[in-house]
């Protein structure tokens, strides 16, 4: 039995699997630099890690997997790198769409999708339509996303509803905000994993991570696989989640 299989057995023996796991996929550039390779090579190998982690999440019984793939700030990277990332996005969808559908994965893209170039936006819309009926795993892919911008957007939507008389000021509560986020209807993450050893949230799901458990992995994203995911789940299972309360 492999180390990954042993860890999976341990996860299943404990019984408490996080319903929603979010991952900040970090380290592609460093992985490439350490091998004296161009950054796009790191991103391509990171794409392989996505497939392995999706399959591992299904095997563990995770219900929602959220991956931070491309931030709003990433648009400021060199044009050649942005173009390579957009091409990889389209390639990933073309290669993986059918298998994701067969595995019962519902693919959801979240963020300012209007900024995507035409071919990539078309590919995104097609895979979401193809997999919309699936329920084994919800795969949230955050593209052109920033949490502060998401909160500003929610505030603007609330202001518009109040101004139009559809919402009274006293009705503005946490549910009103949550219902206007990109993640409306999705449970908050139970576990956030960040790879490459960095200890930052990086403008990701600032509202939704209020009571999320954090796991920092030293592994660079292209090397992150089944064993690393299961180790994070084992770590999660050792935590006591009190949500601000005191244990009995």
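The values are calculated or read from the model by the stated rules, or taken from the named source; none is laboratory data. What you see is a predicted model, and the numbers here were worked out from it, not measured in a lab. Every residue, glycine among them, receives a Cβ derived from its backbone with ideal geometry; neighbour counts consider all protein chains shown.
General remarks:
So that you can scan it fast, the table gives a plain yes or no per residue for (1) in contact (Cβ under 8 Å) with a residue 24 or more places away in the chain; (2) outside any loop (DSSP other than H, G, I, E, B); (3) at negative phi:
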| position | (1), (2), (3) |
| --- | --- |
| 176 | no, yes, yes |
| 180 | yes, no, yes |
| 183 | yes, no, yes |
| 188 | yes, no, yes |
| 193 | yes, yes, yes |
| 203 | yes, no, no |
| 208 | yes, no, yes |
| 214 | no, yes, yes |
| 219 | yes, no, yes |
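- Number of residues in the stretch 172-189 that are within 22 Å of residue 213 (Cβ to Cβ), surrounded by 11 or more Cβ atoms within 10 Å (Cβ to Cβ) and out of contact with any helix residue (DSSP H, G or I) (no Cβ under 7 Å at 6 or more places or on another chain): the value is 6.
- Members of the stretch 224-248 that are modelled with pLDDT of 95 or more, out of contact with any helix residue (DSSP H, G or I) (no Cβ under 7 Å at 6 or more places or on another chain) and surrounded by fewer than 21 Cβ atoms within 10 Å (Cβ to Cβ): 235
- Sole residue being under 30 Å from residue 152 (Cβ atoms) and surrounded by fewer than 22 Cβ atoms within 10 Å (Cβ to Cβ), chosen from 104, 46, 15, 63: 63
- Test: residue 127 is farther than 29 Å from residue 200 by Cβ and within 20 Å of the chain's Cα centre (by Cα): yes
- Scan of the stretch 8-55 for residues that are touching a residue at least 24 places away in the same chain (Cβ under 8 Å) and assigned to a loop (DSSP other than H, G, I, E, B), ordered by number: 16, 17, 18, 19, 25, 26, 27
- Test set (1) under 23 Å from residue 136 (Cβ atoms); (2) in contact with a helix residue (DSSP H, G or I) (Cβ under 7 Å, 6 or more places away or on another chain); (3) assigned to a helix (DSSP H, G or I) - residue 5 fails condition number: (2)
- Segments classed as helices (runs of 4 or more DSSP H), wholly inside the stretch 56-171, with at least 1 members that are closer than 18 Å to residue 189 by Cβ and either free of Cβ contacts under 8 Å to residues at least 40 places away in the same chain or touching a helix residue (DSSP H, G or I) at 6+ places or on another chain (Cβ under 6 Å) (or both): 147-163
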